[in-house]
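What follows is a short report on a single structure.
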Amino acid sequence: MSIILELDERGRITIPKEWRENLQLKRTVAIRSKQGILLIPLSNDPLNALKGSFQTDKSVKELKRQASKLLEQEN
């Protein structure tokens, strides 16, 4: 399905509500390519979205805690 979107006076586009709800869209990455602009939805919880993608004995909660500690150490 495709639609034509128009920019408003501030350069913004509005993605139709039906699409936003269907994709559970909150955040997206915009990539400029030779064909135009590609929008890729981002998960609200990236670690949870990766669940099952790799082997680990740690829970998502443990991985988040470990990532937070690493960030604190870097700052």
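Since every read-out is calculated from the coordinates, none of them should be taken as a lab result. In this text the structure is predicted, and so the values were computed from the model without any measurement. Reconstructed Cβ throughout: ideal geometry from the backbone, glycine too, with neighbour counts over all protein chains shown.
Measure nothing but the geometry: give the 0 to 90° angle between the long axis through the Cα atoms of 60-74 and the longest principal axis through the Cα atoms of the chain, rounded to 10°. Once rounded, one gets 90 degrees.
Magnitude of the charge dipole for the chain, about its Cα centre and with charges confined to Cβ atoms of Lys, Arg (+1) and Asp, Glu (-1), is about 140 debye.
Each of Leu38, Trp19, Ser2 was scored by the projection of its Cα onto the charge dipole of region 1-42, and the greatest displacement toward the positive side belongs to Leu38; charges sit on the C-beta of Lys, Arg, Asp and Glu. Bridging of Lys51 to aspartates and glutamates at a Cα separation below 19 Å is possible for Glu62, once same-chain residues fewer than 8 apart are set aside. Candidate values (i) 13.6, 43; (ii) 16.4, 60; (iii) 17.5, 51 were compared with Rg and Dmax of the Cα atoms in Å computed on the shown model; the agreeing label is (iii). Here region 1-42 is treated with +1 on each Lys and Arg Cβ and -1 on each Asp and Glu Cβ, and its dipole about the Cα centre works out to around 240 debye.
Stretched out straight at 0.36 nm per residue, the stretch from Ile15 to Ser53 would grow longer than its current Cα-Cα span by 10.7 nm. If amide H atoms are built 1.01 Å from N in the plane of the peptide, which residues on other chains or at least 5 residues away come under 5 Å of the amide H of Thr28? The answer is Leu42. Would you mind calculating the relative contact order of region 1-42 from Cα pairs under 8 angstrom and at least 6 residues apart, reporting the percent as a whole number? This gives 25 percent for region 1-42.
Note: relative contact order over the chain, using C-alpha pairs below 8 Å and six or more positions apart, is 15 percent.
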